[in-house]
Structure formats: C-alpha cells, structure tokens
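Bear in mind that the values in this text are calculations on the coordinates, not laboratory data. Note that the coordinates shown come from a computational prediction; the quantities given were computed from them, not determined experimentally. For neighbour counting, all protein chains shown are included, and Cβ atoms are generated from backbone atoms with ideal geometry for every residue, glycine included.
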Amino acid sequence: KEKLDQGLSKTKESVLTKLTRVVAGKSKVDEDVLDELEELLISSDVGVDTTIKIIERIEKRVARDKFINANELDKLLKDEITGLLAENSVNGHGDFDFPADKQPYVIMVVGVNGVGKTTTIGKLANKFKSAGKSVILGAGDTFRAAAIEQLEIWAQRVNVPIIKQKMGSDPASVAFDTLSSARSMGTDVVIIDTAGRLHNKVNLMNELSKIKNVMKKVVPDAPHEILLVLDGSTGQNAFEQAKQFTMATEVNALAITKLDGTAKGGVVIGVSDQFKVPVKYIGIGEGIEDLQVFNREAFVHSLFG
Ligand code: GDP
C-alpha cells in the first residue's frame with residue numbers, strides 16, 4: 001500500500017493538483033466543472049473514449065441528484081472509475097496465484113522492446129517462486145541476442161531454470177522445449193518471452209500464432225495467459241501498442257510498467273476500458289519487488305486520496 005502510494009505519487013500529485021483547480025471556488029458540480037474535469041482526464045492520459053464515458057456517467061449522477069457539492073467530485077470520480085475498472089477485472093485468482101487445475105500454468109508475454117518485458121518476467125518469476133511455485137523461463141525473443149542474455153541474468157538472479165537456443169532460432173521451438181521441460185519436471189509456471197517487433201503486423205501475428213499452436217502440442221489449453229506489457233509512461237503510445245497487439249493475438253491480461261516516475265498513470269484506466277482487457281499487474285519501480293497485483297480499489301484510492 002505504501003509502495004503503491006509512493007509509486008503512483010507523480011500521477012496522484014498531478015491529478016490532485018488539477019482536481020483542486022477544477023473545484024476551486026465552485027459550489028456545485030455543473031457543466032463548467034464537468035468540462036474542466038474532461039480536460040483533466042484527457043491530460044492524464046485516460047484517453048478520449050474512456051474520458052467521455054466517465055463524464056457521461058457523472059453527468060447522469062448529477063442529473064439524478066440535482067445538487068452535488070463540488071467537494072464531492074473526488075468521491076464521485078473514485079466511484080465511477082472503480083466501477084469502470086470492475087467491468088474488466090481479473091476474476092478468481094488474485095495474489096500471484098493461478099487456477100490449481102492448470103499445471104503447468106503457461107504465460108506468454110508480449111510487448112515491444114523497451115517497455116519492461118524482461119524485467120516484468122523476472123519480477124513475476126520471483127513472485128511465483130516466493131509463493132512456493134516452481135517456475136521455468138523460455139527465451140522466446142530469439143531476435144535479439146541481448147534479450148536472451150537479459151533473461152538469463154534474471155533467471156540466475158531468481159534462481160529458476162531457463163530454456164534458450166541460439167539467437168535467430170525458431171521461437172516456437174524454444175516454446176516447445178520449455179513446455180516439454182515443464183511437463184517432465186512437473187513445473188508449476190512457465191513464462192515465455194516473445195519478440196515484440198511491430199513493424200510487420202502480419203509477421204507478428206503469424207509468429208505469435210505459431211508459438212501458440214506449438215505450445216498446444218504439449219499443453220492443449222496453453223497459453224493460459226497472454227500478458228501484454230505496456231510502458232505506462234508512454235501515454236498514447238501504450239494505447240497504440242495495445243491496439244496492435246490485441247488485433248494480433250488474444251491478449252487477456254495487461255502489465256503496465258514504469259508507473260513510478262510518470263504522471264500518465266491514467267493509461268491504466270483507459271487502456272483496460274478501451275481494449276476490454278484486465279490490468280493484472282503494475283510495475284512501480286526497477287527493483288525485483290516492484291511488481292504488484294493490480295487492485296482497482298487500492299489504485300483509485302491512491303490516485304484520488
Ligand atoms: P524490455 O526490452 O521490454 O525487455 O525491457 P527491460 O525489461 O529490459 O526494461 C527496460 C528498462 O525499463 C530497464 O532499465 C528496466 O529497469 C526499466 N523498468 C522496467 N520496469 C520498470 C518499472 O516498473 N519502473 C521503472 N522505473 N523502470 C522499469
């Protein structure tokens with residue numbers, strides 16, 4: 001909780017400063033206040049569509065209740081945003097946990113280079129391991145030698161096995177080997193890295209579907225989780241990447257990184273709403289412990305006090 005507040009401090013500071021300005025000298029929530037609120041949300045990278053949705057919901061409340069004190073705007077926002085996030089939330093398994101009937105639980109991690117994919121995989125492996133689960137990593141980003149090396153460093157750090165091949169080898173083959181190892185060793189969680197090159201959409205789509213198909217030869221319902229990693233500090237770029245990746249494959253969970261050090265935390269609200277994918281994890285620092293399971297109440301509370 002404290003870490004979350006600290007991690008989100010820049011977004012919080014920015015949102016609260018603007019919110020104070022919006023309601024300053026105003027007694028009731030009226031058209032003016034709502035216009036300014038709209039600007040606030042858009043400038044916090046919530047995204048236009050989601051902002052309009054939130055404003056419409058607040059408008060409805062205002063119309064129903066006739067008079068809403070401007071001081072209550074933060075409470076109103078908290079309610080509506082929590083409700084919105086609840087529409088795309090993760091059911092059932094929360095705290096670095098997964099369904100017991102899925103073993104190995106297979107996570108395929110997608111996202112463009114530089115967003116924090118490798119770091120997130122390392123942090124996740126560490127969390128699962130701390131929770132008593134066995135983990136194996138698959139170095140499926142065979143496009144860059146550095147990606148394999150970086151993942152190997154994390155594997156050593158967390159002390160989990162890694163399956164890798166030479167740079168340039170077939171990522172589907174790496175995935176096959178990793179899942180086969182997991183099967184034979186009885187491993188609980190498999191985390192497969194993939195290359196994130198967006199410049200060729202058809203290639204991306206084909207590569208990801210090939211990896212998925214090969215996985216199914218070992219674990220028929222794999223991958224259980226297709227986790228898209230987005231850099232929360234990139235604002236609209238994160239929206240664009242979410243668009244590309246959700247078109248290329250069935251993304252069913254989001255990890256939003258680098259929320260520390262950015263005032264653009266509104267991305268969390270907008271991306272989840274716009275692409276109907278739950279935010280499962282948030283990254284709030286470079287350290288191994290700086291990954292949290294996303295909790296919408298805690299998140300909204302952290303932003304709006
Ligand atoms: P990849 O290319 O997507 O695999 O990205 P990396 O995992 O190598 O991360 C790129 C940089 O972002 C590294 O310097 C990481 O330490 C940093 N990074 C990753 N996640 C976070 C985060 O949540 N907060 C901060 N501040 N930095 C992060």
- Message: Per q in 0.18, 0.24 Å⁻¹, report the Debye log10 I(q)/I(0) for segment 87-143, using one uniform scatterer on each alpha carbon and no solvent.
- Response: -0.75, -1.16
- Taking the convex hull of the alpha-carbon atoms of segment 127-228 and averaging its shadow over every direction gives an area in square nanometres of 6.4
- Per the helix-only calculation at 222 nm, which mean residue ellipticity applies to the chain, given -39500 (n - 2.57) for every DSSP H run of n ≥ 4 and division by its residues, nearest 500 deg cm²/dmol? -16500 deg cm²/dmol
- More than 17 angstrom apart: percent of Cα pairs within segment 65-160: 64
- Query: Could you work out Rg/(2.2 N^0.38 Å) for segment 132-189, with Rg from alpha carbons only?
  - Reply: 1.08
- Loop trypsin sites (Lys or Arg not before Pro), segment 170-222, which have at most 16 other Cβ atoms in a 10 Å radius of their Cβ (DSSP): Arg197
- Which of the lysines could a cross-linker span from Lys3 if the Cα-Cα distance has to be under 19 Å and same-chain partners fewer than 8 positions apart are dropped? Lys12, Lys123, Lys127, Lys258, Lys264, Lys280
- Message: Output needed for the chain: three equivalent-ellipsoid semi-axes, defined as square roots of 5 times the C-alpha gyration tensor eigenvalues, in descending order, whole Å.
- Response: 39, 18, 17
- Message: For segment 1-154, report the % of Cα-Cα distances exceeding 22 Å.
- Response: 59
- Task: Could you tell me the distance between the Cα centroids of segment 100-120 and segment 260-298, to the nearest Å?
- Result: 15
- Item | Distance between segment 1-78 and segment 176-205 - C-alpha centres, whole angstrom | 41
- Query: Longest span of the chain, sites excluded, free of GluC sites (Glu not before Pro) in DSSP loop with at most 15 other C-beta atoms within 10 Å?
  - Reply: 88-249
- Item | Ratio of the Cα radius of gyration of segment 24-102 to 2.2 N^0.38 Å, where N counts its residues | 1.41
- Message: As I understand it, the dipole of the chain uses +1 on the Cβ of Lys and Arg and -1 on the Cβ of Asp and Glu, about the Cα centre. Which of Val158, Asn69, Ala175 lies farthest toward its positive end?
- Response: Ala175
- Query: In terms of the Cα gyration tensor, with a ≥ b ≥ c the square roots of its eigenvalues, is segment 183-261 rounded because a/c is under 1.5, prolate because a/b exceeds b/c, or oblate?
  - Reply: oblate
- Task: Compute the distance in nm between two label points, each set 7 Å from the Cα along the Cα-to-Cβ direction, one at Ser89 and one at Thr17.
- Result: 3.1
